[in-house]
1. If only one of GLY19, GLY42 is at pLDDT 90 or above and farther than 25 Å from ARG109 by Cα, which one is it?
2. Please work out which residue is nearest to ALA11 (Cα to Cα), limiting yourself to the range 62-77 and to residues that are among the β-branched types (Val, Ile, Thr) and in contact (Cβ under 8 Å) with a residue 12 or more places away in the chain.
3. What are the residues in the range 49-61 that are within 17 Å of LEU8 (Cβ to Cβ) and surrounded by 13 or more Cβ atoms within 10 Å (Cβ to Cβ), if any?
4. Looking only at the range 1-16, which residues are modelled with pLDDT of 90 or more and farther than 17 Å from ASP90 by Cα?
5. Tell me, which residue of the range 74-112 that is among the small types (Gly, Ala, Ser) and modelled with pLDDT of 90 or more is surrounded by the most Cβ atoms within 10 Å (Cβ to Cβ)?
6. For the range 2-22, which positions are more than 18 Å from LYS83 (Cβ to Cβ) and either of a type in the set (S, T, N, Q) or assigned to a loop (DSSP other than H, G, I, E, B) (or both)?
7. ASN41 fails exactly one of the following numbered conditions: (1) buried (at least 17 other Cβ atoms within 10 Å of the Cβ); (2) under 19 Å from GLY23 (Cβ atoms). What is the number of that condition?
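The values are calculated or read from the model by the stated rules, or taken from the named source; none is laboratory data. Please read these numbers as outputs of a predicted model, since none were measured by experiment. Neighbour counts run over all protein chains shown; Cβ positions are idealised from the backbone, glycine included.
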Amino acid sequence: MTNVADILDRAADEMMIRGKATGRLVENDSVCAIGALCVANGMTEKAMIPSGPNHWIMLPGVVEFGTFLKKKYQSLITTGVIKCVYKFSDQNSEETVIEMMRLCAKELRENG
């Protein structure tokens with residue numbers, strides 16, 4: 001079974017190491033939140049290219065992180081989970097995105 005909390009921690013590590021991209025999954029080796037989650041799940045850059053509108057919805061960590069963000073940030077409540085993650089990643093600092101990934105992982109561990 002996939003441990004989503006571990007994936008979120010790996011995604012935070014990836015962003016910390018690579019830096020945060022804005023507006024793209026990967027840019028000059030930096031990653032946005034979705035890109036970091038893709039890498040944490042073992043995806044190659046080629047596999048990250050969306051094949052449809054719900055390409056990342058089944059990726060462990062995406063729905064959990066989006067749902068977590070929607071609970072924490074009132075401004076994201078009306079967006080879908082994928083758009084929520086994109087929006088949050090693009091509109092916040094690298095440190096804030098990493099902090100929220102780690103907090104989401106912690107809450108998942110505590111709440112089972």
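1. GLY19
2. VAL62
3. Applying the first criterion (within 17 Å of LEU8 (Cβ to Cβ)) to the range 49-61 yields 56-61.
Of everything in the range 49-61, those that are within 17 Å of LEU8 (Cβ to Cβ) and surrounded by 13 or more Cβ atoms within 10 Å (Cβ to Cβ) turn out to be TRP56, ILE57, LEU59, PRO60, GLY61.
4. Within the range 1-16, ASN3, VAL4, ALA5, ASP6, ILE7, LEU8, ASP9, ARG10, ASP13 meet the criteria.
5. Here the answer is SER89.
6. Correct list: THR2, ASN3, GLY19.
7. Only one criterion is unmet by ASN41, namely (2).
Listed here are the residues, each with its yes/no results for (1) in a loop (DSSP other than H, G, I, E, B); (2) without any contact (Cβ under 8 Å) to a residue 12 or more places away in the chain; (3) under 21 Å from ASP6 (Cα atoms); (4) not aliphatic (A, V, I, L, M).
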{"site": "ARG24", "(1), (2), (3), (4)": "yes, yes, no, yes"}
{"site": "ILE34", "(1), (2), (3), (4)": "no, no, yes, no"}
{"site": "GLY42", "(1), (2), (3), (4)": "yes, yes, yes, yes"}
{"site": "PRO50", "(1), (2), (3), (4)": "yes, yes, no, yes"}
{"site": "PRO60", "(1), (2), (3), (4)": "yes, no, yes, yes"}
{"site": "THR79", "(1), (2), (3), (4)": "yes, yes, no, yes"}
{"site": "TYR86", "(1), (2), (3), (4)": "no, no, yes, yes"}
{"site": "THR96", "(1), (2), (3), (4)": "no, yes, yes, yes"}
